[in-house]
Each structure stands twice: as structure tokens, then as C-alpha cells.
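The values are calculated or read from the model by the stated rules, or taken from the named source; none is laboratory data. Note that the structure is a prediction, hence the values are computed from the model and not measured. Positions of Cβ are backbone-derived with ideal geometry, glycine not excepted, and every protein chain shown enters the neighbour counts. Surface accessibility is based on the protein's heavy atoms, side chains included, excluding ligands, DNA and RNA. Shrake-Rupley method; radii C 1.70, N 1.55, O 1.52, S 1.80 Å.
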Amino acid sequence: MQTAEKASPATASVPDMKDIVALCKRRGFVFPASDIYGGLNGFWDYGPLGVELKNNLRDLWWKHMVTTPPIGPDGMPVDIVGLDSSIIQNPKAWIASGHVGGFSDPMVDCRESKKRYRADHLLLNRAMTQPISKIKGKEVYFVAFDHKAERDEFETRLKKLGFNTNQRVEIVSDGKVYEFYDKELGLDKEKLEKVIGPDATEPGTLTEPKQFNLMFHTFVGATAGEENKAYLRPETAQGIFLNFKNVLDSSRVRVPFGIAQIGKAFRNEVTPRNFIFRSREFEQMEMEWFCHPDEAKKWRDFWFEQRKQFWIGLGLTSDNVRMRQHDQDELSHYAKEGLGTADIEYRFPFTAPGFGELEGIAHRCDFDLKAHQEHSGVKLEYQDPVTNEKFTPHVIEPAAGLTRGVLALLCEAYTPDPNRPSGVYLDFHPSVAPKKAAILPLTAKEAHVPLATKLYMDIREHFNVDLDIKQNIGKRYARQDEIGTPFCFTIDDQTGQDQTVTVRHRNTMKQDRIGMDHVADYMRKNMLTATGR
Ligand code: GAP
């Protein structure tokens, strides 16, 4: 595959999310759910090309984890089996896992703007010790901002509210902005009276932070009472822990081994945002790796490297990918002990020049197995058949977002190019491209269409290809560029004479001529299987 040199992220201009979202809708990757009814915040539908892209990523992850898992430190492939567990489980499982009690975000409402914010996403200029201004006769000590606010927005807003320049510059430039929700400082009613919310025009309109559980619930059976309440899973991981014993008893796996699962997860996020980055219904690809507690570090380091290479193998530029260890105060309840969690982060356009989480690799210790053992009364220990040692395995968990991964692939692929009619092309790695090739008769003439159809019928058995007959050839190339098809094979007058076709490369727009009966081989050679290794 010939690929044009990509500008390094330092020099490349960051694409605008608006353009990516527009292309996704225009070409059928992602639509707002219930679009004709005005959408539903936090829910998205994957169109004809989006579902292909998502399935390709899903299948490559499955291959990487389950069908051909990586080679372990001993030179042999590691053992991982698959699972597809139910979305709704016995509600006791979510009590044991800690989700009923603790899976919540602090939330504040604004009585004036009617907007809702995650308290831990608001920043406050706590540097002010004097009232900085009086608004509508009320003193203002604190101004709250959304954590994504840019310096310009800070300044414009502070100016509007009547700050003097020195204060303004100090607040922004010496970093004296603080999290709104400060566990030590608290936020009493009196202080809230002096805070002006991010979208408010007067102080005192923010409510006290309230814990808001993120799990969606429903009722199982005909009556809708507390006793019938059940939850939509907020992570696929728990289904794996619930089946630890079943898998162990029914298959030949021995510790260390993994159980992998891909599927939907649901979270009633307070602020779904950034397109499909944080949605309320999404898909995860999670693997729980069960190992001896003494080997947790070895396997954590192993999975770290494997997972990073996986994403880079799919075309994410290494400059756009980084690892970040969680600070102690951001760790989930299950990762407070042990080695903590490290994220694989991607430089999304809306986080640039910063990064956003793509996948977390957590050392969950024996938290989940022990919790389910305690609540269910069923022993979830493991006895080593060689040493007879009994222990509760520790878990290393690489947990990736499938739909968030789709977004990273789309953002990485989006390449503006003023030198082509479409003005942009998607530079997908061939292994994830929704369509691997397009077969295009140069014209709708009798001489071209039957040959193109024949080629299409031969190739479609092996690859997901498009036969596109309508419109002029320039428009068809433009469409294939915009959907990221790596190759276009064009049938013209010469094809009838010497059985050759042109092959046009997406990134360079260069054309070669090859024999019609070599197309399948040519594609096989150039599809560059992405295993992430
Ligand atoms: N079992 C561990 C777990 O669920 P997490 O960090 O909450 O950990 C894992 O989620 C991954 O799932 C994240 O790295 C992210 O890619 C994806 N994810 C989490 N919440 C999401 C949301 N609201 N929308 C889209 N993807 C999400």
C-alpha cells in the first residue's frame, strides 16, 4: 500500500470536529439516534459504513485477543477464551461489584440556565479572597467555568463580569483555577451563594453537588416495583467475573488465562459529549486476565505493551498515543490497591494538544472475585493443579471502548487535501477500511459494465468491495476518497483489449495498470493484516 507521508501531529493542523461529524453523517458512518425526532442526547446510530468500520475493529480485537492471542513471555501464545454474557444480570451482582453504592458522579444543576454539570468538571477561580464584583446587588467571589474552557473564554467572561485586568491575568496564567468540587474545601450553601455558574448571569444559581448514580434501571416482569428492579450493565467486565467458575469448570484453561467479551454498556452520563466519545449507550471490548498475585506486575507490563501496539498497528500515529498512570485520587474503587490503572490516551481533536482516554489497563487485584464470592456464597478460588496452592487470582484488565476506538480511527484518518475534488480523504489502515476496494466501470457503456460486474462477482467472495456504476468517474473517486477506500479498480476500453484495469491509490491518487486476474492477489498483498504486533 502506498501511503502519503503524514504530517507529524506537531505540525499538522487539528481537524475540526464539526467537519468530522458532518462527514460521518453525509457518508453514512454515524447518525444521531432518532434523528427524525430531533435526536436523543448521548445516543448514536451507526450507518452502513459505520457498522462496517465498527465490526472491523471489533473483529481485529477479537482476533488479537481470542483467535490468535499474543505470544506470552514463555514463547507460547497466551490462553484467552471468549464470552457473551447477558446485559441484564441479577441485581445482587451490581451490589457486590460496588456499582449500586458507588458508581456515581457529583452533579450540579443551574436554576437559571437549566443546565446540568458534572461538579468535577467545573473550575473555580478560588484565588479570589475579596468579592470581585457585585452583580445584581449580590457579591461574587467565585466564577465557575467548564473544564474545557479556553484562556480566551476565561478572559472574555471575566471581563464581562467586571474583573480588572490584573486579576484576570493572574487567575489564568498562574494556574490558580481550582476544581469546583473540592473534597477538602466542600461547597456549603453560603459559598454557593457567591458562585456564578458557567452559563449564569447572576450568582447563587448552582445547586449543591449531588451524587448521581450512572446506571440505567428497568423492571423485570410485569410489575414495576423495587423488588423487580434490574440494571443495564455499565461495563461488560462483571459478566466475566460472574462466569469465572463456569468457564474454569467447563474449559481447559488454567491460571494464567483471560476471558474476553465485547458488547454494549450503558451509563446515564451527566454530560454526554464530544460526538461518540462519551455516550450513554456504547460498546466495550474488555478482557479480564486472571493471574497469580505475585505475577500481577509482569502481566500488567505485558498487557500495557500489547495494547499500545494494537492501536498503533491499526494506524494510530504513535505521537498521538500516550500512556498515563492514574493519580491516586482518580482510581476506581477496585484499583485503589495494587498497581493502579494506566490509560492509553489518544490525542482527539477536541482534547488537542492534550489527550483523552481510549483504553484503561487496571490492576483490579482480587476485588471482584472476592466481592462476588462473599455476596453469592460461592467459592471463587483457584487451586493450582501442580502446586495445590489455593488462591484468589488477581486481575489485569485491558478495557477499551469499541465506539470510542471508532472515533479515534475516524479522527486519525480524517485528512484534508485541497488538491482533490472531495477536499478530504479518510486515510484508514486497509484492515479497518469499511470498503477495501471499489470496482468502477469508467462509463455506463456496454463495454465497461459487464466486465466490471464480472470482476466484482469474483472479488466480493474475498473482500468487502463496492461496485459503483452511476455518476461520472471523478464523483465516484471523490466518494471513495471520503469513505476511505484504499483502492479503486477501473475498467475502461483497454480492459476489453488486454484484460488490464487501472488501480488508483487513495492517498497518492497515483494509478498503475495490472491484469484483471491479478486483482485479488494484489489486494491480498496490500491489505497489510493488522494484528497490532
Ligand atoms: N471495566 C472497566 C471499565 O469499564 P472504564 O474506564 O469506565 O473502565 C473502559 O471504561 C473504556 O470504555 C474507556 O476507556 C472508554 O474507552 C470506554 N467508555 C467508558 N465510558 C464511555 C462512554 N460513556 N462512552 C463511550 N465510551 C466509554
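Right, Asn472: surrounded by fewer than 19 Cβ atoms within 10 Å (Cβ to Cβ) and closer than 22 Å to Ile20 by Cβ or not? Steps first, answer last, please.
On the way: surrounded by fewer than 19 Cβ atoms within 10 Å (Cβ to Cβ): yes; closer than 22 Å to Ile20 by Cβ: no.
So Asn472 does not fit the description; no.
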Subset tally (residues that are in a loop (DSSP other than H, G, I, E, B), hydrophobic (A, V, I, L, M, F, W, C) and farther than 13 Å from Ile473 by Cα) for the stretch 420-461: 4
Residue check for Gly401: within 16 Å of the ligand (Cβ to nearest atom) and crowded, with 24+ Cβ neighbours inside 10 Å: no
In the stretch 420-435, residue farthest from the ligand (Cβ to nearest atom) [restricted to those that are over 28 Å from Glu286 (Cβ atoms) and in contact (Cβ under 8 Å) with a residue 24 or more places away in the chain]: Pro421
Positions within the stretch 341-391 being over 21 Å from Leu407 (Cβ atoms) and of a type in the set (Phe, Trp, Tyr), in sequence order: Phe367, Tyr382, Phe391
Filtered residues of the stretch 249-264 (kept if among the polar types (S, T, N, Q) and either more than 27 Å from Val78 (Cα to Cα) or under 17 Å from the mean Cα position of the chain (by Cα) (or both)): Gln261
Criterion (surrounded by fewer than 20 Cβ atoms within 10 Å (Cβ to Cβ), charged (D, E, K, R) and either over 19 Å from the mean Cα position of the chain (by Cα) or farther than 21 Å from Ile71 by Cβ (or both)) met by exactly one of Arg300, Arg233, Arg267, Arg273: Arg273
Residue within the stretch 83-92 that is modelled with pLDDT of 75 or more, part of a helix (DSSP H, G or I) and of a type outside the set (Lys, Arg) present: yes
Positions within the stretch 404-414 being open to solvent by 20 Å² or more (accessible area, probe 1.4 Å) and more than 9 Å from the ligand (Cβ to nearest atom), in sequence order: Tyr414
Residue match in the stretch 330-340 (condition: over 14 Å from Leu407 (Cβ atoms), of a type in the set (Asp, Glu), within 16 Å of the ligand (Cβ to nearest atom) and free of Cβ contacts under 8 Å to residues at least 12 places away in the same chain): yes
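Take residues that are open to solvent by less than 40 Å² (accessible area, probe 1.4 Å) and tell me which of the strands (runs of 3 or more DSSP E) falling wholly in the stretch 487-528 contain 3 or more.
Passing ranges, in order: 487-491, 500-505.
Between Lys445, Lys510, which is among the charged types (D, E, K, R) and farther than 24 Å from Leu23 by Cβ?
The conditions single out Lys445.
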Matching residues in the stretch 266-293 - criterion: being more than 7 Å from the ligand (Cβ to nearest atom) and assigned to a strand (DSSP E or B): Phe266, Arg273, Glu281, Glu283, Met285, Met287, Glu288, Trp289, Phe290, Cys291
Selection count where residues are open to solvent by 10 Å² or more (accessible area, probe 1.4 Å) and within 16 Å of the ligand (Cβ to nearest atom), scope the stretch 236-247: 2
Residue, farthest from Pro91 (Cα to Cα), within the stretch 353-390, restricted to residues that are within 16 Å of the ligand (Cβ to nearest atom) and open to solvent by 40 Å² or more (accessible area, probe 1.4 Å): Phe355
Pair list, Cβ under 6 Å, 6 or more apart: the stretch 44-68 residue assigned to a loop (DSSP other than H, G, I, E, B), other residue open to solvent by less than 70 Å² (accessible area, probe 1.4 Å): Gly47/Gly28; Gly47/Phe29; Gly47/Phe31
Unique match (being in contact (Cβ under 8 Å) with a residue 12 or more places away in the chain and closer than 21 Å to His333 by Cα) among Gly401, Gly405: Gly401
